[in-house]
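Student: Here's a structure for you.
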Amino acid sequence: MINRLRARLSPSMWLGLVLLALVLVPGLFGQFFADPGQLRLMAGGISAPPSPDHPLGTQNEGRDLLTYILKGMPNTLLIGLVGGGSAVLLGTVLGMLAGYVGGPLDALVRNTVDIGLTIPPLAILIMIAASFPVVTPLIMGLVIALTSWMHPTRVIRSQVLSLREREFVLLLRLSGASPLHIVFRELLPNLIPFLAATFVNAVATALLASIGLEVLGLGSFQTPTLGNLIYFAIIGNAMWLGLWWWWLPPIVIFIVLFMGLFFVSTALDSLANPRLEQG
Amino acid sequence: MNPRYLGRRLATFLLTIFVASTLNFAITRLTPQDPIAALLGRMASRGRTVESGGEIVARYRERLGLDAPLAQQYVNYLRDLLQGDLGYSLAFFPIKAEAVILRALPWTLGLLSLATLLAFVIGNLLGALAVWPRVPAGFRWLVYLSMPFSAIPYYLLALILVYLFALNWSLFPLGGSFTVGSDRGLNLETLADLLHHAALPVLSVVLAVVGFWALSMRGIMATVLGDDYLIYARARGLRSRRIFSHYAMRNAMLPQVTALAIDFGRLISGQVLVEIIFNYPGVGWVLYNALRAADFFVIQGVTLFMVFTVAVATLLLDLLYPLLDPRIRYQS
């Protein structure tokens with residue numbers, strides 16, 4: 001497994017990992033170097049361009065933008081991880097059980113997924129975020145997961161459907177292994193590269209949903225996040241006033257982050273389905 | 001068309017709408033407080049006050065009959081929905097929410113169908129040509145170049161496009177759907193003006209989606225290329241262009257049409273956000289303003305509209321599908 005992995009650290013994987021590191025390293029550790037005092041009203045001049053004191057300038061209330069970004073990135077990443085992680089966790093349990101056990105459980109899961117997939121998640125998320133007053137990053141991640149577990153469930157179920165017809169599963173069944181043992185101890189390890197690809201995609205989906213909500217003004221304004229930063233920049237007419245240091249950095253960070261996730265997921269995909277590569 | 005297929009599809013369609021409407025109802029009732037009070041509170045936390053906030057809450061309670069038993073409220077809600085009654089817009093009282101949404105609808109549908117169609121056609125052609133034998137290598141590179149774009153959310157791309165093309169180079173208008181004050185008649189000038197305003201919003205969606213279609217088309221076409229009927233077509237001496245359009249593309253397109261149906265929800269969500277960036281007077285713009293004004297019924301109406309549009313689009317594509325693929329037509 002490890003050898004195979006090493007052999008397949010493709011250029012796409014490297015590129016993706018480097019891009020991700022560019023965002024994750026400052027995103028996770030930068031917060032410890034940030035001075036919360038810089039987030040106060042009038043910590044610097046109003047809408048001041050980048051200067052040695054404020055490397056990314058300040059916004060229209062004089063708050064330091066670099067500090068805001070460093071404090072906001074962990075929250076944004078948390079939403080993505082919690083959202084993507086819970087969606088994949090839920091999808092794995094449901095997809096594996098439905099795919100392996102079959103019968104009425106499978107019919108129920110399959111139909112729920114089919115209907116759920118035709119309901120645009122943003123429509124449900126808007127109603128939830130508009131109805132519930134306080135949204136912390138953790139809750140936002142969980143809520144996003146509630147609307148995005150269907151896709152992981154569907155793809156994992158179809159993987160299990162093909163896996164369970166293999167000989168080793170038949171052998172296990174004949175030797176009296178319990179279904180739970182077969183599903184989670186024997187089938188699951190076979191799916192790890194596939195689950196990793198699904199996870200990366202789910203994180204991207206969750207981030208996408210959270211930015212969408214925040215750009216609509218449905219984030220929690222007490223918590224700094226990159227999506228809120230974009231919202232405030234739009235509200236503050238940053239682009240029209242020529243305050244590029246306000247609206248551009250969060251967008252650049254997102255683009256690097258999404259590209260990184262994209263390249264890693266493409267690389268993981270070809271790792272999970274070696275046949276794709278010949279296509 | 002097979003009546004059983006039709007029946008099953010219609011049943012799923014109705015069930016989807018029903019489930020989504022019920023979810024919509026349930027979410028607003030699960031909140032510890034009135035949704036409208038939550039919205040007003042959210043605005044207050046931003047330092048905005050709503051004129052006659054108390055009156056709005058009172059009207060809202062009356063309209064929803066919040067003192068009636070939950071089951072009764074649910075029945076009322078479904079009955080109103082069936083009659084197309086979404087309630088009064090609180091910001092534009094006494095205009096109804098459905099009127100506010102209907103007014104914005106043509107803009108959204110126009111933009112959405114134009115962008116979706118363009119992206120679908122360009123993406124599929126690009127992806128197919130990328131693996132077609134003896135096609136200039138440039139196409140292959142176009143596909144690779146379009147791929148990373150598909151990873152970037154539309155609305156972020158839209159912001160950059162506005163900055164470059166509208167603000168910096170003044171090639172396109174900053175926003176809106178037509179030149180204010182222009183007389184809008186049925187002439188070429190009006191059409192050019194509309195297209196000029198639609199160009200950037202459409203471009204940001206197309207740029208972001210082309211890669212998605214190109215990538216999957218490339219994979220499908222690669223498998224179609226090895227199929228026997230293509231070898232036979234070539235052996236019969238058909239021209240390469242004809243084999244491409246009449247034989248390879250026709251078969252490779254089938255899964256893509258299904259994917260279009262699946263992807264529609266993502267498309268419409270992105271569209272809503274793109275409209276905000278471009279001040280485009282569609283449903284997304286209505287939603288944005290409704291959220292800022294705590295206009296509860298309009299918010300609810302727009303989310304229901306999103307669900308409805310996606311369900312209708314999926315239904316239409318599914319009903320078209322048997323016409324494209326005869327194998328589905330004869331299946332029981």
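Every number in this text was worked out from the coordinates using simple rules, so none of it is lab data. Quick caveat: nothing in here was measured; it's all calculated off a predicted structure. Neighbour counts run over all protein chains shown; Cβ positions are idealised from the backbone, glycine included.
Student: Please compute the modelled spin-label separation between B:Ala11 and A:Glu165, points set 7 Å along Cα→Cβ, answer in nm with one decimal.
Tutor: For A:Glu165 paired with B:Ala11, the spin-label model returns 2.7 nm.
Student: Along its three principal axes, how long is region A:79-205 when you only count alpha carbons? Whole Å, largest extent first please.
Tutor: 54, 26, 19
Student: Taking only Cα atoms and a 10 Å spring cutoff, compute GNM fluctuations for chain B and point out the largest among B:Gly175, B:Gly226, B:Gly110.
Tutor: Of B:Gly175, B:Gly226, B:Gly110, the most mobile in the Gaussian network model is B:Gly226.
Student: How far is helix A:121-131 tilted off the main Cα axis of chain A, in degrees rounded to 10, range 0 to 90?
Tutor: Approximately 50 degrees, to the nearest 10.
Student: Given the options A:Ala145, A:Ala204, A:Ala196, state which has the largest fluctuation in a GNM of chain A using a 10 Å cut-off (strictly under) for Cα springs.
Tutor: With Cα springs under 10 Å in chain A, the top fluctuation among A:Ala145, A:Ala204, A:Ala196 is at A:Ala196.
Student: Simple spin-label model, 7 Å along Cα-to-Cβ: A:Leu180 to A:Ser10 in nm?
Tutor: Each label point lies 7 Å from its Cα, and together they span 3.8 nm.
Student: Check which residues have an amide H placed less than 5 Å from B:Tyr88's amide H, if you skip close sequence neighbours.
Tutor: Long-range HN contacts for B:Tyr88: B:Ala97.
Student: For helix A:65-101, report the angle its Cα long axis makes with the longest principal axis of the Cα atoms of chain A; keep it between 0 and 90° and round to the nearest 10°.
Tutor: Roughly 10 degrees, rounded to the nearest 10.
Student: Run the Debye formula on the Cα coordinates of the protein assembly as shown, all scatterers equal and no solvent, and tell me log10 I(q)/I(0) at q = 0.06, 0.10, 0.12 1/Å.
Tutor: -0.35, -1.00, -1.44
Student: Give the Debye-formula value of log10 I(q)/I(0) at each listed q (0.10, 0.11, 0.14, 0.18 Å⁻¹), with one equal scatterer per alpha carbon of region A:134-232, two decimals each.
Tutor: Those come out to -0.43, -0.49, -0.65, -0.84, one per q.
Student: Across all directions of projection, what mean area in square nanometres is found for the Cα convex hull of chain A?
Tutor: Details: hull surface 71.1 nm².
Mean shadow area of the hull around the Cα atoms is 17.8 nm².
Student: I'd like the distance separating the alpha-carbon centroids of region A:136-161 and region B:147-168, in whole Å.
Tutor: For region A:136-161 versus region B:147-168, the Cα centre distance is 28 Å.
Student: Return the ratio Rg/(2.2 N^0.38 Å) for region A:171-222, where Rg is computed over Cα atoms only. Walk me through the numbers on the way to the answer.
Tutor: Numbers: Rg = 19.2 Å, N = 52, 2.2 N^0.38 = 9.9 Å.
For region A:171-222, the normalised Cα radius of gyration comes out at 1.94.
Student: While we're looking at this one, here's another question. Most fluctuating residue of A:Leu24, A:Leu146, A:Leu170 in a GNM of chain A with Cα springs under 10 Å: which is it?
Tutor: Checking each option, the largest mean-square fluctuation is seen for A:Leu170.
Student: If you don't mind, there's one more thing I want to ask. What is the order of A:Ser131, A:Ser47, fewest Cβ neighbours within 10 Å to most? If you can, show how the numbers build up before the last one.
Tutor: Numbers: A:Ser131 23, A:Ser47 18.
Least to most surrounded, the residues fall as A:Ser47, A:Ser131.
Student: What is the dipole size for region A:133-261, taken about its Cα centre, with +1 at each Lys and Arg Cβ and -1 at each Asp and Glu Cβ, in debye to the nearest 20? Don't skip to the end; give the middle numbers.
Tutor: Working: 6 positive and 4 negative charges, 68 e Å.
Here region A:133-261 has a charge dipole of around 320 debye.
Student: Fewest Cβ neighbours within 10 Å first, please rank B:Leu267, B:Leu320 accordingly.
Tutor: Working: B:Leu267 21, B:Leu320 12.
By the 10 Å Cβ count, ascending: B:Leu320, B:Leu267.
Student: May I pose another question? Mind listing which chymotrypsin sites (Phe, Trp or Tyr not before Pro) in region B:124-202 are in a DSSP loop and have 16 or fewer other Cβ atoms within 10 Å?
Tutor: Passing sites in region B:124-202 are B:Trp169, B:Phe178.
Student: Bin width 10 Å, origin at 0, all Cα-Cα pairs of chain B: what percent of pairs per bin?
Tutor: Bin by bin from 0 Å, the calculated values are 5, 20, 25, 24, 16, 7, 2, 0.
Student: Now for a separate question. Using the C-alpha atoms of region A:15-124, what convex hull volume per residue, in cubic angstrom, is computed?
Tutor: Numbers: hull volume 18.4 nm³, N = 110.
It is 167 Å³ per residue.
Student: Then there is this: With r defined as the distance between the Cβ atoms of B:Leu324 and A:Ala107 and R0 fixed at 35 Å, what FRET efficiency is calculated, to the nearest 0.05? Kindly include the intermediate steps, with their values, before the conclusion.
Tutor: Values: r = 28 Å, r/R0 = 0.79.
Plugging the Cβ-Cβ distance into 1/(1 + (r/R0)^6) gives 0.80.
Student: If eta is 0.692 mPa s and T is 37 °C, what Stokes-Einstein diffusion coefficient results for region B:179-289, Kirkwood Rh from Cα pairs, in µm²/s? All intermediate terms of the calculation are to be shown ahead of the outcome.
Tutor: Numbers: Rh = 17.4 Å.
Estimated diffusion coefficient is 189 µm²/s.
Student: Another question, then. Give me the net charge for the shell around B:Ala313: Cβ to Cβ below 14 angstrom, other residues only, Lys and Arg +1, Asp and Glu -1. Numbers along the way, then the final one.
Tutor: Values: positive: B:Arg9, B:Arg266; negative: B:Asp263, B:Asp318.
Net charge around B:Ala313: 0.
Student: Next question. Compute, for region B:203-332, the length of the dipole vector about the Cα centre, with Cβ point charges of +1 (Lys, Arg) and -1 (Asp, Glu) only. Units Debye, rounded to 20. Working shown, then result.
Tutor: Working: 11 positive and 7 negative charges, 144 e Å.
With only Lys, Arg, Asp and Glu charged at Cβ, the dipole is about 700 debye.
Student: Positive end of the dipole of region B:186-332, charges at C-beta (+1 Lys, Arg; -1 Asp, Glu), about the Cα centre: which of B:Phe296, B:Gly270, B:Tyr232 has its Cα farthest in that direction?
Tutor: B:Tyr232
Student: Here is a follow-up. Would you be so kind as to identify which of B:Leu14, A:Val109, B:Pro133 lies farthest towards the positive end of the dipole of the protein assembly as shown, taking Lys and Arg as +1 and Asp and Glu as -1 on Cβ and the Cα centre as origin?
Tutor: Farthest towards the positive end: B:Pro133.
Student: Tell me the volume per residue, in Å³, of the convex hull enclosing the alpha carbons of region B:94-218.
Tutor: On the way: hull volume 19.2 nm³, N = 125.
Dividing the Cα hull volume of region B:94-218 by its residues yields 154 Å³.
Student: Under a point spin-label approximation (7 Å from Cα along Cα-to-Cβ), what is the A:Leu241-B:Ala137 distance to one decimal in nm?
Tutor: 5.0 nm
Student: Nearest 10 degrees, 0 to 90: what angle lies between the long axis of helix B:35-45 and the longest principal axis of chain B (Cα atoms)?
Tutor: 90 degrees
Student: Sort out for me the Cα centre separation of region A:169-229 from region B:189-256, rounded to whole Å.
Tutor: The two parts, judged by their Cα centres, are 32 Å apart.
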